[in-house]
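Before any comments, here is the structure.
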Amino acid sequence: MSPNGTATRVFDEVHIGKGVRPVAQHGFVAVERGRLKLLGSDRQEIVSAPMSKVAAAKARFSGGKTLAMKVAGTRYTVSPGWGDRAGKLLRPGRPERVARDTEELLGLIEADGGTVERRDA
C-alpha cells in the first residue's frame, strides 16, 4: 500500500525514453509505497525515487500520450500503453488505454506527493 492507501500499481507496455534515445520499448512503471520505479523491458530498474523527487506533465504536442517526467533529477519521456503488442506485431497503443493510463499515472504521482503540472496536451 502507498501512503495514501492505494495498492501497488504496475503499468506495462510502457515506452520510456531519455532525450531522443529510447531506453525501453516495452518497459514498466511501478508505483509502490510512495515510490516510482521505471523498469526496462527486462524488468531491471532504470531509476527509482520517492514521489517527492518526481515531477510530471503531459508532454506538449503529444496529444496526451506521453508524459515528460523528471525522476531524481533526470528527464524521461514515459508513454504508458504505447508499446502495445498484438501477437508478434507492435502497434502504437490503443488511444483510450493510453489516455486512461496516462491520467491514472498522473493521479498516482500527485496523490503520493509528486509534482504534477496540469496543462493542455
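Summarising the amide proton neighbourhood of Val23: residues at separation of 5 or more, or on other chains, whose placed amide H is nearer than 5 Å comprise Ile16, Gly17, Lys18. Derived scalar couplings between HN and Hα for segment 106-112 equal 4, x, 5, 4, 5, 5, 9 Hz in order, rounded to whole Hz, by the Karplus curve 6.51 cos²θ - 1.76 cosθ + 1.60 (θ = phi - 60°), x for Gly and Pro. Taking amide H as placed 1.01 Å from N in the peptide plane, Val47 has its amide H under 5 Å from the amide H of Leu38, each at least 5 places away in sequence or on another chain. With a simple spin-label model that places each label point 7 Å from the Cα along the Cα-to-Cβ direction, the separation between Thr74 and Ser41 comes to 1.9 nm. Computed from phi, the 3J(HN,Hα) profile of segment 32-44 under the Karplus parametrisation 6.51, -1.76, 1.60 (θ = phi - 60°) reads 8, 6, x, 10, 10, 10, 9, 10, x, 4, 8, 6, 7 Hz, with x in place of Gly and Pro. Amide hydrogen proximity for Trp82: with H placed 1.01 Å from N in the peptide plane, the residues at 5 or more positions away or on another chain lying under 5 Å are His15. Electrostatic tally near Tyr76: other residues with Cβ closer than 9 Å to its Cβ, Lys and Arg +1, Asp and Glu -1, net +3. So, with a 1.4 angstrom probe, what is the percent of accessible area on segment 7-51 that is carbon and sulfur? The nonpolar share, carbon plus sulfur, comes to 47 percent.
Counting only residues at least eight positions apart within a chain, or on another chain, the aspartates and glutamates with an alpha carbon under 18 Å from that of Lys53 are Glu32, Glu45, Glu110, Asp112, Glu117.
The values are calculated or read from the model by the stated rules, or taken from the named source; none is laboratory data. Computed from a prediction, not measured in an experiment: that's the story for all the values here. As a convention, Cβ positions derive from the backbone with ideal geometry for all residues, glycine included, and neighbour counts pool all protein chains shown. Note: accessible area is taken over every heavy atom of the protein model, side chains too, but ligands, DNA and RNA are not part of it. Shrake-Rupley method; radii C 1.70, N 1.55, O 1.52, S 1.80 Å.
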